[in-house]
Amino acid sequence: MKKYVLLFTISLVIMSCKTDKDNKTTTELDETPLTVSEKIAQAYGIENWDTVNEITFSFNVKKDSTLFKRSWKWSPKTNDIYFTSGSDTLNYNRNNMDSTLIRADQAFVNDKFWLLAPYNLVWDSGTTKSEPVQELAPISQKKLNKLTVTYPNDGGYTPGDAYDFFYNDDYLIEEWIYRKGNSAEPTMVSTWENNTDLKGLLMSLSHKKTEDNWELFFTYVSIN
C-alpha cells in the first residue's frame, strides 16, 4: 500500500512540475513585448479589423477653393473594389487584375494608406523600421517620438519611399513626413487630426500642411 501511495505522490509531483512549466511557457509568450509598430496599430484598434466586411470612404483634397474627391468601397475579405469619381465608376477585384486597372489601383492604395497607415505598419512586409528616437515635430515643434519606415527598392507602386511617423506617448500619430525615394529632404509634411472612432477603429480623418491652404480629409467613412 505504501508503495502505491509513494508512486501516486511522485506522479502528482511530476504532473505539477509539467503544469508549472507549461504555464511558464504560456506566460513567457504572453509577455513578449510589442514592437513600436504593433503598439501604434493597437492604439488605433487593429484588433477590431477582423470584424470589418466592408469599408467605404471618400478621399478629398482641398487647396484654396479647389476640391478634388474620389470615393471607394472595399471588401477586405474578398478584395472587391468599387470606385467613383464624378461620372466615372469602376468595379474590380484586386486578386484578379490586368494592366488596365493599374492606375485605379494605385489611387486606391494611396488613398487607403492615408486612412489606414497605422495598420499598414504591421500589414506591410519587407519594410525597414528605425529604432524610435525623440525629435521636435516639424510642424508643431513639440518633442515627439519618431519612427522611420522605409519601403524596399523593388515591388509595390512606390518603391523606396520613406515615412517619418511622429507619435505621442499614447502611440497616436500627430504628424508625419513623406520622403519620396527615401530622399533626405521632405516631399510632404502634414498633421494627423480629427481622430474618430468607428466601431472600435480609430481613424485620423484630417491632414493639413502649414502652407498652400491645403487639407486632405475623409468624408462618408463607414464600417460594416
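Structure values in brief
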read-out: Estimated [θ] at 222 nm from DSSP helical runs (n ≥ 4, -39500 (n - 2.57)) normalised by residues in the chain, nearest 500; value: -9000 deg cm²/dmol
read-out: Over the chain, equivalent-ellipsoid semi-axes from the Cα gyration tensor in Å; value: 44, 24, 17
read-out: For peptides 119-125, 50-56, sequence by mean Cβ density within 10 Å, most packed first; value: 119-125, 50-56
read-out: Which of Trp214, Trp114 has the fewest Cβ neighbours within 10 Å, and the rest in rising order; value: Trp214, Trp114
read-out: Acute angle (nearest 10 degrees) that the helix 2-30 long axis makes with the longest principal axis of the chain, alpha-carbon atoms; value: 10
read-out: Per-residue Cβ neighbour rank within 10 angstrom, fewest leading, Lys142, Lys69; value: Lys142, Lys69
read-out: Rg to Rh quotient for the range 83-150, alpha carbon positions, Kirkwood Rh; value: 1.13
read-out: Entries of Lys69/Lys129; Lys129/Lys208; Lys63/Lys129; Lys143/Lys208 with Cα pairs more than 27 Å apart; value: Lys69/Lys129; Lys63/Lys129
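Taken together, the values in this text are just the output of simple stated rules run on the coordinates, not laboratory data. Not measured: the values here are computed from a predicted model. Note that each Cβ is placed from the backbone with ideal geometry, even for glycine, and that neighbours are counted across all protein chains shown.
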